[in-house]
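What follows is a single structure, written as structure tokens, with notes after it.
The values are calculated or read from the model by the stated rules, or taken from the named source; none is laboratory data. Everything numeric here is computed off the predicted structure, so don't read it as measured data. Virtual Cβ from ideal backbone geometry, glycine too; neighbours counted across all protein chains shown. Note: accessible area is taken over every heavy atom of the protein model, side chains too, but ligands, DNA and RNA are not part of it. Shrake-Rupley method; radii C 1.70, N 1.55, O 1.52, S 1.80 Å.
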Amino acid sequence: MKVLTISLLVLALLAIGALAQTDPAAVKINLGTADKFAVLAGSGVTNISAHTFIIGDVGSSPTPTIIGLKQSQVKGHLYLKASPVTAKAQKGLTAGYVEAQNAPCSIDLTGKDLGGMRLGPDVYCFSTSAGLTGTLTLDAHGDPNAQWVFQIGSTLTTASASKVMMVLGHNQPPWSKGLRGCNVYWQVGTSATIGSGNTFVGKIMALTDITLGGGTLRGKALARNGAVTISTQESIDGPPCLPAPISDGNGMTSQN
């Protein structure tokens, strides 16, 4: 009986260890100073619309070209020249990109459209391209600090009027942290194209280019080597996030 008890205890500890290794909450993605940027590019930023508005810093390194954006359109610092700040941010972006890319994949969604899915916090991967037509719901299962990582081998493309919607869980209020996609990471192996009229959530980290087709981005557009192009009016909410509030069960909230 004693041997059986010890054996069961060992098996339980091994199971806990296995879960700890694959727990998506354990994935650490640190963007460093890049987290202050709403838009960061490698070869320049181009904006077409005078009505685009961005919350967060904007810059590009090593090519500092910024076309079509004025300081009045940016609630943050607009870097119009080469700067050690943008260079350092690119290093942070590279580090965060690699961390997301190396996270152990839990669920392979290769060949499936994200539209119509309801996904809990985890690490999802596509060996090639990923697409979204319609609405993707990210369900935090009651955890305001829940994390999603999407690893995409090549391109990310969303259709017009698509949406990423975040919910804290059934019968629970949404938190601003979740709505802004602070813990949603899109690691894209080549380029990302977000279609017109989209409401997209999360930090897009693309190896090359990012194109925003007009809509709302609650997150960041971060391109390592290529350009960020905003082809029509876009609203981007991309500053660093505050800790998620915690309810005490009596209607009162506090910060983590």
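Scan the range 75-84 residue by residue and report those that are surrounded by fewer than 14 Cβ atoms within 10 Å (Cβ to Cβ) and in a loop (DSSP other than H, G, I, E, B).
81
Against the definition (under 14 Å from residue 112 (Cβ atoms) and either among the small types (Gly, Ala, Ser) or surrounded by fewer than 21 Cβ atoms within 10 Å (Cβ to Cβ) (or both)), how does residue 131 come out, yes or no?
yes
Go through the residues of the range 41-58 one by one and say whether even a single one is at pLDDT below 95, under 22 Å from residue 99 (Cβ atoms), among the acidic types (Asp, Glu) and surrounded by 15 or more Cβ atoms within 10 Å (Cβ to Cβ).
Within the range 41-58, none of the residues are at pLDDT below 95, under 22 Å from residue 99 (Cβ atoms), among the acidic types (Asp, Glu) and surrounded by 15 or more Cβ atoms within 10 Å (Cβ to Cβ).
Tell me whether the range 130-138 contains one or more residues that are under 23 Å from residue 226 (Cα atoms), in contact (Cβ under 8 Å) with a residue 12 or more places away in the chain and part of a loop (DSSP other than H, G, I, E, B).
no
If residue 125 passes every condition in (1) at pLDDT 95 or above; (2) not in a strand (DSSP E or B) but one, which one does it miss?
Of the numbered conditions (1) at pLDDT 95 or above; (2) not in a strand (DSSP E or B), the odd one out for residue 125 is (2).
Here are some residues: 100, 87. Which one is part of a helix (DSSP H, G or I) and either crowded, with 22+ Cβ neighbours inside 10 Å or under 16 Å from the mean Cα position of the chain (by Cα) (or both)?
Exactly one residue qualifies, and that residue is 100.
Any residue at all in the range 133-145 that's at pLDDT 95 or above, on the phi > 0 side of the Ramachandran plot and in contact with a Gly (Cβ under 9 Å, 6 or more places away or on another chain)?
Yes: one or more hits.
Okay, residues lined up against (1) outside any strand (DSSP E or B); (2) under 24 Å from residue 232 (Cα atoms); (3) over 18 Å from the mean Cα position of the chain (by Cα); (4) touching a residue at least 12 places away in the same chain (Cβ under 8 Å):
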{"residue": "30", "(1), (2), (3), (4)": "yes, no, no, yes"}
{"residue": "39", "(1), (2), (3), (4)": "no, yes, no, yes"}
{"residue": "43", "(1), (2), (3), (4)": "yes, yes, yes, yes"}
{"residue": "50", "(1), (2), (3), (4)": "yes, yes, yes, yes"}
{"residue": "62", "(1), (2), (3), (4)": "yes, no, yes, yes"}
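Out of all the residues in the range 192-208, which are in a loop (DSSP other than H, G, I, E, B) and either crowded, with 19+ Cβ neighbours inside 10 Å or touching a Leu at 6+ places or on another chain (Cβ under 8 Å) (or both)?
Correct list: 195, 207.
If I filter the range 139-173 down to residues being open to solvent by 30 Å² or more (accessible area, probe 1.4 Å) and assigned to a strand (DSSP E or B), which single residue comes out as farthest from residue 198 (Cα to Cα)?
Per the criteria, the residue is 167.
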